[in-house]
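Novice: Structure in structure tokens, see below.
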Number of protein chains: 2
Amino acid sequence: MTRLSIATWNINSVRLRAGLIQRFVEERRPDIVCLQEIKCRNGEFPTHVFTQMGFPHLHIRGQKGWHGVAIASRFALEEISEPDFCPQQEARVAAVRVKGITLHNLYVPAGGDEPDTQINPKFAHKLAFLARMEAYYAAHPTNEPLVLVGDLNVAPGEHDVWGHKQLLNVVSHTPVETQALDKVMARGGFIDLARIAVPPSEKLFSWWSYRSPDWTKNDRGRRLDHIWANRELAKQFDADSFSIHKNARAWEKPSDHVPVMAHFDI
Amino acid sequence: MTRLSIATWNINSVRLRAGLIQRFVEERRPDIVCLQEIKCRNGEFPTHVFTQMGFPHLHIRGQKGWHGVAIASRFALEEISEPDFCPQQEARVAAVRVKGITLHNLYVPAGGDEPDTQINPKFAHKLAFLARMEAYYAAHPTNEPLVLVGDLNVAPGEHDVWGHKQLLNVVSHTPVETQALDKVMARGGFIDLARIAVPPSEKLFSWWSYRSPDWTKNDRGRRLDHIWANRELAKQFDADSFSIHKNARAWEKPSDHVPVMAHFDI
DNA sequence: GTCCTGTTGG
DNA sequence: CCAACAGGAC
């Protein structure tokens, strides 16, 4: 039996923040780092930094400028077919098999400002993405270990946001989104590992907006970044080791998201 | 009798290069630093850095984004009326009296690419600026000590450019510009101090384009930055101490211009 | 607030 | 090549 740790982090430009990843890796020594919003093409990814950090195995799904996801690993990655969640073919999905586990790394569209599919196509795109996720996982049941990580851009629970009532009409916490995410979870047979480790009644955030420089004072965060496992893999989850690396929000030139990390005994 | 040193430097964003100014000041200890292209509003000027460096006296003529000039001094600055050289009212002129000397710090318009006033309004603007300079200095003769410094964006002499013939049709060295500058100098009674210190037959540059990363190899520079004195002050110029700080072009994240410095015994 | 992509200016 | 700006996104 060995141990495997997986981290997920919306890094908001991997080129600008390779140094922060280095710092996180030194402090927490994850085996696998899943990134979102790398904001570069495959060829622009700072591969060298990752190989030097002990991650020779890279699976990069980049594109010019926006979005882009990547998986960096100490262990060999096996290429597998990627589910097609994105109607507009943006680089938002990376999938691999590693140590016998299927790993999906996702970056769900943020959805714009107005939570109205009629007037806001970005919101429609987000809901379409979530609907495709639901359909895919319902159609592909598996008893093999499966882990889904990423910036899902939805804070599903009451205590996944600083103020439930205040955010009910704010994109990321509207009922239509939280219900859509709940359905993905239920029909895919997923378990939200954060809420195994930390009771749902306890506030838990992974993102704090850039727009309030005093984010530390009033702690107005949201939990947008998730690690889900299917029943098979959840058995091997070590709840005591689950962590959200809130410190990283206070580092020099930070991402607005912080790393979330889970350990498995496999 | 005391000594007074004046430096001029097109800094190409004072906020980005405050650290380079610090390094220059430590190495050369100028009494007065005249800057061009500060590229910020008055309120955005890094005043704190200058006071810490021993320059509590600041005269800033900033504007949003482009141009902008400033004078930083160890000695008290007296506000005086500023000549109006700029038809478009850009922040290109700063004037003060310091230690009994009148100091004009100028940033002449670069003039665009095409040396043709018909098709290139920037070139017309540059020539209009130079014509206004000529008219002003001709109309304001003085026996008081006067020094004019700045990025004049003209390399007047054959050996003020890496290749005289190659640049005769390139903005900064066209006959219409060099003659215009010569007329300012002649009618204003100015002396080009660099050419007192260094014979006109010797190549002398203060600017090397960003566009050739191998600027050091072929040394394709131009002398665009000048220190002129009227006859009164020129008597007190110490030619042996004149310097062009070429090293600064090789510093980390440099300006494309380097500091030019003159000492006076007053 | 911060980053990306253009464009314009030097 | 390097810096500003504007516009869009999150």
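The values are calculated or read from the model by the stated rules, or taken from the named source; none is laboratory data. Everything numeric here is computed off the predicted structure, so don't read it as measured data. No Cβ is skipped: glycine too gets one built from the backbone with ideal geometry, and neighbour counts run over all protein chains shown. In case anyone asks, the SASA skips ligands and DNA or RNA and just uses the protein heavy atoms, side chains included. Shrake-Rupley method; radii C 1.70, N 1.55, O 1.52, S 1.80 Å.
Novice: How do B:114-122, A:158-166 rank on mean C-beta neighbours within 10 Å, highest first?
Specialist: Numbers: B:114-122: 13.8, A:158-166: 16.0.
Final packing ranking: A:158-166, B:114-122.
Novice: Can I ask one more? Within the set of other residues whose C-beta is less than 13 Å from the C-beta of residue B:102, count the net charge using Lys and Arg as +1 and Asp and Glu as -1.
Specialist: Values: positive: B:97, B:99; negative: B:78, B:79, B:82, B:144, B:232.
With Lys, Arg at +1 and Asp, Glu at -1, the neighbours total -3.
Novice: At R0 = 41 Å, how high is the FRET efficiency between residue A:182 and residue A:250 if r is their beta carbon distance? Nearest 0.05 is fine. Please report the intermediate quantities before stating the final value.
Specialist: Numbers: r = 32 Å, r/R0 = 0.78.
E(calc), rounded to 0.05, equals 0.80.
Novice: Here is a follow-up. Pull up the cross-link candidates among the lysines for residue A:217, meaning alpha carbon to alpha carbon under 16 Å and not fewer than 8 places away within one chain.
Specialist: A:203, A:246
Novice: Now for a separate question. How many angstrom lie between the Cα centre of region B:103-148 and the Cα centre of region B:221-266?
Specialist: So the two Cα centres are separated by 20 Å.
Novice: Separate question: Measuring from a point 7 Å past the Cα of residue A:265 along Cα-to-C-beta, which residues in region A:94-111 have an amide N at less than 20 Å?
Specialist: A:99-101
Novice: Also, quick follow-up: For the protein assembly as shown, evaluate the Debye formula with one uniform point scatterer on each Cα (no solvent term) and list log10 I(q)/I(0) at q = 0.06, 0.12 Å⁻¹, rounded to two decimals.
Specialist: Cα-only, vacuum Debye calculation for the protein assembly as shown: -0.47, -0.95.
Novice: State in Å² the accessible area per residue of region B:1-146; use a 1.4 Å probe, count heavy atoms of protein chains only, and round to the nearest integer. Spell out each step's value before the answer.
Specialist: Working: 6550 Å² over 146 residues.
About 45 Å² of surface per residue is accessible.
Novice: While we're on this one: If we hang a label 7 Å off Cα along the beta carbon direction at residue B:200, how far is it from the matching labels on the other copies, in nm, shortest first?
Specialist: 8.8
Novice: In nm, give the distance between the simple-model label positions of residue B:88 and residue B:232, each being 7 Å from the Cα along the Cα-to-Cβ direction.
Specialist: Roughly 3.4 nm, to one decimal.
Novice: Pull up the cross-link candidates among the lysines for residue B:122, meaning alpha carbon to alpha carbon under 22 Å and not fewer than 8 places away within one chain.
Specialist: B:39, B:64, B:183
Novice: In addition: Step through the residues of region B:244-251 one at a time and calculate ³J(HN,Hα) from phi using the Karplus curve (6.51 cos²θ - 1.76 cosθ + 1.60, θ = phi - 60°), rounding each to whole Hz and writing x for Gly and Pro.
Specialist: Each residue's phi maps through the Karplus curve to give 10, 8, 4, 3, 4, 5, 9, 5 Hz.
Novice: Report, to the nearest whole %, how much of the accessible area of the protein assembly as shown belongs to carbon and sulfur atoms, 1.4 Å probe, protein only. Walk me through the numbers before you get to the answer.
Specialist: Numbers: 11350 of 23540 Å².
Carbon and sulfur: 48 percent of the exposed surface of the protein assembly as shown.
Novice: What does the net charge come to around residue A:245 if you take all other residues with beta carbon closer than 14 Å to its beta carbon, with K and R at +1 and D and E at -1?
Specialist: On the way: positive: A:17, A:23, A:28, A:29, A:223, A:246, A:249; negative: A:26, A:27, A:225, A:256.
Result for the local shell: +3.
Novice: Further, regarding this structure: Convert each backbone phi in region A:49-56 into a coupling constant with the Karplus relation 6.51 cos²θ - 1.76 cosθ + 1.60 (shift: θ = phi - 60°), then list the ³J(HN,Hα) values in order as whole Hz, x for Gly and Pro.
Specialist: For region A:49-56, the Karplus-derived couplings read 4, 6, 5, 4, 7, x, 10, x Hz, x marking Gly and Pro.
Novice: I need the inter-copy label distances for residue A:54: point set 7 Å along Cα to C-beta, values in nm with one decimal, smallest first.
Specialist: 5.0
Novice: Using modelled amide H (1.01 Å from N, peptide plane; none on Pro or chain starts), what sits under 5 Å from the amide H of residue B:206, excluding residues fewer than 5 places away?
Specialist: Here the answer is B:222, B:223, B:224, B:225, since their amide H atoms fall under 5 Å of that of residue B:206.
Novice: Could I ask something else about it? Give me the net charge for the shell around residue A:80: Cβ to Cβ below 14 angstrom, other residues only, Lys and Arg +1, Asp and Glu -1.
Specialist: Surrounding charge for residue A:80 is -2.
Novice: Could you order peptides A:207-214, B:126-133 by the average number of other Cβ atoms within 10 Å of their residues, highest first? If you can, show how the numbers build up before the last one.
Specialist: Values: A:207-214: 12.4, B:126-133: 20.5.
Put in order of decreasing packing, that is B:126-133, A:207-214.
Novice: Can you list, shortest first in nanometers, how far residue B:81 lies from the same residue in the other copies, with each label 7 Å from Cα toward Cβ?
Specialist: 8.3
Novice: Give me Rg/Rg_expected for region A:3-265, where Rg uses Cα atoms only and Rg_expected = 2.2 N^0.38 Å with N residues.
Specialist: Numbers: Rg = 17.0 Å, N = 263, 2.2 N^0.38 = 18.3 Å.
In units of the 2.2 N^0.38 Å rule of thumb, it is 0.93.
Novice: Going highest first, how would you order B:29-38, A:71-80 by mean Cβ packing within 10 Å? Please report the intermediate quantities before stating the final value.
Specialist: Numbers: B:29-38: 25.4, A:71-80: 17.6.
Descending mean neighbour count gives B:29-38, A:71-80.
Novice: Which aspartates and glutamates have a Cα lying under 16 Å from the Cα of residue A:235, excluding residues fewer than 8 positions away in the same chain?
Specialist: A:144, A:192, A:265
Novice: Expressed as a rounded percentage, what relative contact order does region B:3-265 have, with Cα pairs under 8 Å and six or more residues apart? Before the final figure, lay out each step's value.
Specialist: Values: 607 pairs, mean separation 50.7, N = 263.
Rounded, it is 19 percent for region B:3-265.
Novice: Return the distance in nm (one decimal) between the two label points of a simple spin-label model at residue B:51 and residue A:97, each offset 7 Å from Cα along Cα→Cβ.
Specialist: Here the modelled spin labels are 6.7 nm apart.
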